[in-house]
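Just below is one structure, and these are the notes that go with it.
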Amino acid sequence: MAPPPAATISIRDTLDLLDNSFPTFAQGVADGRYAFWLGSGISLGVVPGLWGVVETVIEFLRSNRDPADATCKFNRALEEVFQLAGLNAGQIAALDLNIPLGTWPKLTSEPIVLSLLKNYARLLAIRVGTEPFDYLVWNVVKVPETYAAVVLEPDVEHLCLAALSLEGAATDMVSANWDPLVERAVAVLTNGNQALAPTVVAKPDEVQLPRNRARIIKFHGCAAKAAANEADYRPWLVARHAQINGWCGNPNNLPFMTALIALINEKPTFMLGLSAQDGNIQHVFQTAAKQIAWNIGAAPPGYVFSENELGLDQKSLLENVYGDQITPANYDAVCDAARIQAFAKPLLTALLLDVLARKLVALISLMPGPLPGHERKPLIDGIGRLRNDLGSAATTTVAFVVGLLERWARASQLLRAGEVAHPGVKYVPISADAIPGMAGNPDHAALGLREASVALGLLGAGVARGDWILDAEPAATGAGVLAITSTRPGAIRTKVYLTANAYFAMLLVGRGELDDSDAPILIQAKPLVPSMSRSPLGSFGRTGVPPTREISIASMMDACLTFDDLYANFRRELAI
């Protein structure tokens with residue numbers, strides 16, 4: 001069955017698409033293999049795209065023209081705009097230039113704007129009298145004020161990219177966008193922690209800047225940096241035809257070229273909202289392919305596009321980079337294999353859920369204990385069930401993504417510290433390492449991350465078996481990490497907490513995070529402080545007062561040889 005169109009696909013369907021059609025791509029993202037190439041499509045909900053740029057230029061020239069002066073520089077520029085759009089003298093004369101563009105009939109305005117979209121670089125290169133070459137870019141489009149305005153807030157795409165960068169999955173980003181929305185998203189999630197801010201390369205000599213956790217190469221410039229320092233960064237705002245056409249041949253751009261070619265050769269390419277129409281982009285990829293071409297059957301695939309259908313420029317890029325590997329016989333198949341039929345919002349949200357799930361699965365495999373690998377498969381399936389259920393409930397909205405990240409941040413802090421010591425932090429990653437580096441991180445053992453992953457796998461397995469349902473809890477003091485309700489008639493909804501050890505468990509109570517009168521369930525990673533058993537069947541111990549049901553995952557994992565035994569013990573300890 002064909003997937004839904006990219007414009008309407010749900011997050012749950014996108015997860016299925018990743019599982020069934022692009023499993024090696026999804027694993028490659030979780031492994032930190034891909035370079036993310038970002039275009040204007042990921043910011044359309046926040047800043048003007050090319051359509052808005054074209055309309056701004058036309059309306060500025062129209063509103064500033066002097067109808068009585070044929071030599072008016074705005075008149076001349078506007079006429080050149082219409083000629084670029086393919087209008088003849090009669091068609092231009094028929095336009096009513098006395099009313100704003102926004103009031104023109106769509107049958108008149110839309111064809112003009114559409115024809116200029118593919119020629120946006122030539123449009124922005126049109127001279128306005130003796131004004132500076134970048135007059136339309138700097139004074140009309142007003143890049144700093146429009147694309148770096150303080151009021152602009154990150155959208156779903158930017159928040160997901162920020163979270164993926166903190167997880168070590170998106171550490172290399174290349175952007176043709178001027179806006180600072182990814183950087184702002186990282187600042188939002190980390191409460192402005194500069195040590196976690198991405199390194200932004202906006203002019204060639206900045207390729208030598210020391211790298212933070214992630215790096216964004218803005219090869220068309222940065223509005224925020226240009227706003228802060230016009231003299232140094234205005235010349236590097238690329239938009240005009242002469243700049244793009246001569247970009248690769250400009251010796252000043254050689255550091256950019258070198259960095260981009262190296263990245264294309266080192267990492268597979270994942271393009272989001274980028275049409276690849278600009279000549280400098282095509283040339284950089286062609287040059288890289290001449291050095292080291294990606295194998296057309298590589299796993300993960302060398303080139304992936306987030307699109308409903310590939311455009312001519314994207315197909316041309318594939319034809320150029322694969323060279324002799326692509327033939328008339330396999331052309332359509334190659335293009336289809338490079339196209340994930342989901343736009344950035346659902347795709348990035350699904351990838352974030354998938355990366356988190358894959359990291360939890362990796363931690364389950366790292367958990368010590370006698371439980372053999374094949375007996376851990378139901379735990380892995382339990383993580384998959386939680387991922388899919390969350391994907392079914394997910395929406396492509398900022399409210400959903402922020403809510404998810406805030407809940408995750410709170411749960412992570414309670415696990416690792418027994419308190420929310422940094423309430424301004426909106427996201428805490430599982431690990432700064434991508435999956436291949438997780439085995440070497442000692443924090444996973446010390447902070448109970450492996451045991452917490454096992455607990456989540458058990459909870460997911462119970463959902464899959466129909467023994468209970470799980471609900472979200474608010475990201476607020478006194479709330480659980482989640483809530484559990486048995487499927488037995490008359491069952492009571494119970495808060496569930498996860499923390500690393502007995503000391504952190506005491507902090508939960510002391511900081512007001514856990515109210516024992518609610519009779520919650522407290523899942524601890526490490527062995528509990530010994531105390532009296534609470535049933536003739538025995539117990540893995542408890543440290544709190546009687547109403548709190550305490551469970552040790554480490555003790556269970558040490559004692560169980562089969563998943564069925566592990567699950568039976570876990571279910572008995574839950575006592576729901």
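By the gyration tensor of its Cα atoms, with a ≥ b ≥ c the square roots of the eigenvalues, what is the shape of segment 353-449: rounded for a/c under 1.5, prolate for a/b over b/c, or oblate? Could you put the intermediate results ahead of the total?
Numbers: a/c = 2.12, a/b = 1.25, b/c = 1.69.
The shape class here is oblate.
Taking all protein chains in place and a 1.4 Å probe, what share, in percent, of the accessible surface of the chain do carbon and sulfur account for?
Working: 13260 of 23690 Å².
Of all accessible area on the chain, carbon and sulfur atoms account for 56 percent.
Using a 1.4 angstrom probe on the protein heavy atoms only, could you order T487, T287 from most to least accessible area?
In descending accessible area the options line up as T487, T287.
Please say if segment 182-295 is rounded, prolate or oblate, where rounded means a/c under 1.5 for a ≥ b ≥ c the square roots of the C-alpha gyration tensor eigenvalues, and otherwise the choice is prolate for a/b larger than b/c and oblate otherwise?
oblate
Would you list, by chain and number, the lysines whose Cα falls below 30 Å from the Cα of K345, excluding same-chain residues fewer than 8 positions away?
K106, K118, K142, K203, K218, K225, K267, K315, K359, K426
Give me the accessible area of S316, 1.4 Å probe, in Å² rounded to the nearest 10.
Answer for S316: close to 40 Å² accessible.
Going by accessible area, probe 1.4 Å, with all protein chains left in place, what is the ranking of T130, T171, T349, largest first? Present the calculation step by step, with values, prior to reporting the outcome.
Values: T130 135, T171 25, T349 5 Å².
Largest accessible area first, the list is T130, T171, T349.
Give the aspartates and glutamates reachable from K73 as a straight Cα distance under 18 Å; neighbours fewer than 8 places away on the same chain don't count.
E59, E131, D134
Given 0.36 nm per residue, what is the gain on full extension from T397 to A228 after removing their alpha carbon distance, in nm?
The T397-A228 span can extend by a further 57.8 nm.
So how much slack lies between A293 and N441, counting 0.36 nm per residue of separation and subtracting their Cα-Cα distance, in nm? List each step's numbers first, then the result.
Details: separation 148, 0.36 × 148 = 53.28 nm, distance 3.36 nm.
Answer, rounded to one decimal: 49.9 nm.
At what distance in angstrom do the alpha carbon centres of segment 241-295 and segment 440-495 lie from each other?
46 Å
So with the 1.4 Å probe, I'd like the accessible area per residue for segment 1-99, rounded to whole Å². If you can, show how the numbers build up before the last one.
Values: 4560 Å² over 99 residues.
Computed with neighbouring chains in place, this is 46 Å² per residue.
Quick one: grab the alpha carbon gyration tensor of segment 19-72, order the square roots of its eigenvalues as a ≥ b ≥ c, and give me rounded if a/c is under 1.5, else prolate or oblate depending on whether a/b is larger than b/c.
Prolate, since a/c reaches 1.5 and a/b exceeds b/c.
What do you reckon, how do E55, E419 stack up by accessible area (1.4 Å probe), largest on top?
E55, E419
Rounded to the nearest 10 degrees, what's the angle between the helix 449-465 long axis and the longest principal axis of the chain, both from Cα atoms, 0 to 90?
Result, in degrees: 90.
Of the labelled options (i) 14, 28, 24, 21, 11, 2, 0; (ii) 19, 45, 26, 9, 1; (iii) 19, 54, 25, 1, which one gives P(r) over Cα pairs in 20 Å bins from 0, in percent as computed for this structure?
Structure-derived value, by its label: (ii).
At 7 Å along Cα-to-Cβ for each site, give me the label-to-label distance between L117 and I492 in nm.
Using points 7 Å along Cα→Cβ, the separation is 5.9 nm.
The values are calculated or read from the model by the stated rules, or taken from the named source; none is laboratory data. In this text, all values refer to a predicted model and were calculated from it rather than measured experimentally. Glycine also receives a Cβ, built like all others from the backbone with ideal geometry; neighbour counts cover every protein chain displayed. With ligands, DNA and RNA removed, areas are computed over all heavy atoms of the protein, side chains included. Shrake-Rupley method; radii C 1.70, N 1.55, O 1.52, S 1.80 Å.
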